Amino acid sequence: MTTRIVGTGAYVPEQIATNDDLARIVETNDEWIRSRTGIGERRIATTETNSYMAAQAAKQALDQAGIAPEDVDLILLATSSPDYCFPNGACEIQEQIGAVNAAGYDISAACTGFVFALNTAHAFIQAGIYRTALVIGSDVLSKLLDWTDRGTCVLFGDGAGAVVVQAGDRGVIGVKMYSDGTKGGVLTCGARTNGNFLLGKKPELGYMTMDGQEVFKFAVKKVPEIIKELLEENRTSLEEIRYFVLHQANYRIIESVAKRLKADISKFPANMEHYGNTSGGSIPLLLDEMNRKGMLAPGDKIVLSGFGAGLTWGATLVEW
């Protein structure tokens, strides 16, 4: 028995922000953003909270799977932008969808979060501890951005995606996960600082900072490496893979990964043109889009791979 994806769902905020909209607040333009990233627009949360988006995606996934919320054993939320420090977002989702019998907690691994969460759910299911799990990636990165910093504000958007997984006879074939904390400084967002009566000051909040060149170099090196390791360990050839479903950070990264793997770019679906980098929501958002378009057939082998702050990177080999 392994872990099978039996339902997918997604949710994005209603508000669209185009490249031209951003050109009104920072020195940039549509051609500059598109040529360097492949991004044309993104969704920005106005009234939507992280847990609301995640719960909507979860409801879609449960509905498609034909599974009642009370039959969910585990909820894992991959996010870097929760509504609260506590309660955790997974418990908020539990309340909103009525998954009264589930345990829930959040996983913080930035843009790799969904892959780490899926691999964690797989470990629980393979161990026989749980049978049915909701794995959700959701982020509202717009609230972490410095909207005067064109190096970051043009890249990110808000969104959520979810999958329902169950014990099954096909599904996850193999997993790989890595971290390198020594490189953590290249992509950061500070939490509330320590401010109290002893220090005589109030806490301050940080914003996202990123060394874009270092992140790019990290991604185009580590993603092909981990995919090759994953396939070799599971005796699977590149030619057997129907799709490589990568974190949607930058289309230039995807092109570089395809080139290094010597794989056809048509095997690398992309949707960042419409959503930008939605961090934890990125991979499940794309996966749901592919699923609902009928792009995935039983028996197809796909690779999911995420990379991001930490630094973290991971991959999962799945038979659909």
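The values are calculated or read from the model by the stated rules, or taken from the named source; none is laboratory data. Please read all numbers here as calculations on a predicted model, not as lab measurements. Cβ: placed from backbone, ideal geometry, glycine included. Neighbour counts: every protein chain shown. These area figures cover heavy atoms from the full protein model, side chains too; ligands, DNA and RNA do not enter into them. Shrake-Rupley method; radii C 1.70, N 1.55, O 1.52, S 1.80 Å.
Ranked from highest to lowest mean number of other Cβ atoms within 10 Å per residue, what is the order of the peptides 15-28, 132-145, 96-109, 241-254?
Those peptides, ordered most packed to least, come out 132-145, 241-254, 96-109, 15-28.
If you plug each phi of region 21-34 into the Karplus form 6.51 cos²θ - 1.76 cosθ + 1.60 with θ = phi - 60°, what whole-Hz ³J(HN,Hα) values come out, in order, with x for Gly and Pro?
4, 5, 5, 7, 10, 9, 6, 7, 7, 4, 5, 5, 5, 4
Compute the distribution of all C-alpha to C-alpha distances in the chain, in bins of 20 Å from 0, and list the percent of pairs in each, rounded to whole numbers.
The distribution over the chain is 35, 58, 7, 0, given as percents.
Carbon and sulfur: what percent of the chain's accessible surface (1.4 Å probe)?
Result for the chain: 49 percent of the exposed heavy-atom area is carbon or sulfur.
Where both partners of a DSSP beta bridge lie in region 188-320, what percent of those bridges are antiparallel, to the nearest 5?
65
So which lysines can K221 reach, going by Cα to Cα under 25 Å and dropping same-chain residues fewer than 8 places off?
K176, K183, K259, K262, K267, K301
What ³J(HN,Hα) values, in whole Hz, does the Karplus curve 6.51 cos²θ - 1.76 cosθ + 1.60 give for region 275-283 when θ = phi - 60°, with x put for Gly and Pro?
With coefficients 6.51, -1.76 and 1.60, one gets 10, x, 8, 9, 6, x, x, 4, 5 Hz.
Under unit Cβ charges (Lys, Arg +1; Asp, Glu -1), what dipole magnitude, rounded to 20 debye, does the chain have relative to its Cα centre?
Here the size comes out at about 700 debye.
Any idea of the accessible area per residue across the chain, 1.4 Å probe, to the nearest Å²?
Value returned for the chain: 44 Å² of accessible area per residue.
Going by average Cβ density within 10 Å per residue, which order do the peptides 6-12, 77-83, 186-192, 215-221 take, highest to lowest?
Per-residue Cβ counts within 10 Å, averaged per peptide and sorted highest first, yield 77-83, 6-12, 215-221, 186-192.
Which of the peptides 257-264, 162-169, 304-311, 111-118 is most tightly packed, and how do the rest follow, judged by the mean count of other Cβ atoms within 10 Å per residue?
Per-residue Cβ counts within 10 Å, averaged per peptide and sorted highest first, yield 111-118, 304-311, 162-169, 257-264.
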